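See below for the structure under consideration.
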Amino acid sequence: FTKVYKLIQNLYGLKDAGKTWYDFLRKGLLKWGWKPSQMDECLFTKENIILVVYVDDAVLTSPTQSLIQHEIDSLKRECA
């Protein structure tokens, strides 16, 4: 993503920084139609796309590049 957010409080170095980030991201993903996996809390699906979150990184995978690009564009619009 190319969006930059100003943090009210520095998250890095805090004991629960990872959890705070994950809770924020998960809330947004659910709002935008992503479904959480029942097997792994870092795995989300939407239509024909899989999103895996690891710490502060994410991987999107899909049968076609156009689906991935469409979802990236949608997420950019939602986060604007």
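The values are calculated or read from the model by the stated rules, or taken from the named source; none is laboratory data. Everything numeric here is computed off the predicted structure, so don't read it as measured data. Here the Cβ positions follow ideal geometry from the backbone for every residue, glycine too, while neighbour counts run over all protein chains shown. What goes into the accessible areas is simple: the full protein's heavy atoms, side chains included, and nothing from ligands, DNA or RNA. Shrake-Rupley method; radii C 1.70, N 1.55, O 1.52, S 1.80 Å.
The table for this structure:
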read-out	value
Evaluation of residue 59 against (1) part of a strand (DSSP E or B); (2) open to solvent by less than 60 Å² (accessible area, probe 1.4 Å) (one fails), failing number	(2)
Pairs where the first residue, in region 39-64, is at positive phi and the second is open to solvent by less than 100 Å² (accessible area, probe 1.4 Å), C-beta under 9 Å, 6+ apart	47/33; 47/62; 47/67; 47/71; 55/18; 55/21; 55/22
Enumeration of residues in region 65-80 that are over 11 Å from residue 47 (Cβ atoms) and without any contact (Cβ under 8 Å) to a residue 12 or more places away in the chain	65, 66, 69, 73, 77
From the options 67, 51, residue that is part of a helix (DSSP H, G or I) and of a type outside the set (Ser, Thr, Tyr)	67
